[in-house]
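See structure below.
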Ligand code: AMP
């Protein structure tokens with residue numbers, strides 16, 4: 001695996017690959033890699049000849065500076081995992097390299113309509129930071145495709161919208177959510193859960209499963225499903241709900257009735273750890 005911290009050296013290596021007609025897939029991450037990230041690498045490998053994994057904890061997308069500071073970082077372990085997973089190129093730039101490298105114009109972008117509500121409402125500015133850095137990474141790497149996890153479902157929609165808006169020739173590939181043995185969605189933040197809080201966090205996948213069962217048994221009312229999900233999440237307390245929403249999977253606007261396919265999205269705080277999860281709700 002080749003490793004780069006500088007844009008110029010990375011681009012030189014990518015030019016060599018492109019000159020040999022190799023296609024390139026990008027997997028953007030913030031590090032603290034786990035099996036969820038590696039599943040994105042696997043999908044990238046199936047879609048391109050060369051997989052570039054970026055690791056960059058993007059300060060612009062943290063609306064809470066404490067969360068940015070507490071974000072787990074372990075570059076040595078990450079690089080070992082990436083190499084074992086078959087990543088061809090790891091790109092681990094500094095903040096300075098990303099945001100002030102030979103740049104004259106301001107680079108800040110604004111996220112589009114998909115960023116309204118949900119995470120966009122609870123984390124002001126978050127998606128502007130996400131589209132800004134992803135657009136920069138796209139411009140630096142110029143990949144043929146890029147893989148994003150459905151774990152961050154709204155982020156996936158925001159990126160798809162950004163690519164459509166700017167007309168970038170990049171295929172955005174969604175990756176299914178990877179869960180642990182207790183069905184909790186893998187997240188770098190799970191490391192910060194105490195074992196008691198982990199047990200509480202397990203209510204999240206349980207509540208999603210209940211919603212799927214309700215829909216399968218004919219329940220279509222979003223408010224009834226949301227009530228049941230919220231009751232499971234709240235349990236005997238120790239978890240606070242930020243939102244439970246049932247939305248159209250394309251524009252992410254709330255729907256009153258689950259017809260055909262909808263998306264259930266949840267954000268909750270356990271201890272001082274904020275967790276998000278989501279699932280499809282299908283009537284058929
Ligand atoms: P992050 O490092 O948390 O910014 O995540 C980098 C990429 O990995 C994003 O596209 C995430 O959606 C994706 N990802 C994170 N956790 C998971 C998971 N449990 N399953 C699938 N994809 C994930």
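Nothing in this text is a laboratory measurement; each read-out follows from the coordinates by a stated rule. These numbers were taken from a predicted model, which means no experiment stands behind them. Please note: Cβ atoms are built from the backbone with ideal geometry, for glycine as well, and neighbour counts cover all protein chains shown.
Stretched out straight at 0.36 nm per residue, the stretch from residue 216 to residue 83 would grow longer than its current Cα-Cα span by 43.7 nm. Fully extending the segment from residue 199 to residue 250, taken as 0.36 nm per residue of separation minus the present Cα-Cα distance, adds 15.1 nm.
For n ≥ 4 DSSP H runs only, could you compute -39500 (n - 2.57) per run for the chain, divide by its residues and tell me the 222 nm figure to the nearest 500?
Helix-only estimate at 222 nm: -12500 deg cm²/dmol.
Multiplying the residue separation of residue 100 and residue 8 by 0.36 nm and subtracting their alpha-carbon distance yields 31.8 nm. Counting beta carbons within 10 Å around each of 171, 191 and listing the fewest first gives the order 191, 171.
Can you classify region 144-247 as rounded, prolate or oblate using the Cα gyration tensor, where a ≥ b ≥ c are the square roots of its eigenvalues, rounded means a/c under 1.5, and otherwise it's prolate if a/b beats b/c and oblate if not? Because a/c hits 1.5 or more and a/b fails to exceed b/c, region 144-247 counts as oblate.
Please say if region 1-121 is rounded, prolate or oblate, where rounded means a/c under 1.5 for a ≥ b ≥ c the square roots of the C-alpha gyration tensor eigenvalues, and otherwise the choice is prolate for a/b larger than b/c and oblate otherwise? Here region 1-121 falls in the prolate category. Compute the label zone of residue 192 within region 33-67: residues whose backbone N is under 16 Å from the point 7 Å along Cα-to-Cβ. Residues 33, 57-67 fall inside that zone.
Sorting 30, 162, 256 from the fewest to the most surrounding beta carbons within 10 angstrom yields 256, 30, 162.
Equivalent-ellipsoid semi-axes for the chain (Cα gyration tensor, √(5λ), whole Å, largest first): 33, 20, 18.
The order of 78, 272, going from fewest to most other C-beta atoms within 10 Å of their C-beta, is 272, 78. I need the calculated FRET efficiency for the pair residue 236 and residue 282, taking r as the beta carbon distance and R₀ as 41 Å, to the nearest 0.05. In this case the efficiency is close to 0.85. Residue ranges 226-239, 257-270 sort as 257-270, 226-239 when ordered by packing (mean number of other C-beta atoms within 10 Å per residue, highest first).
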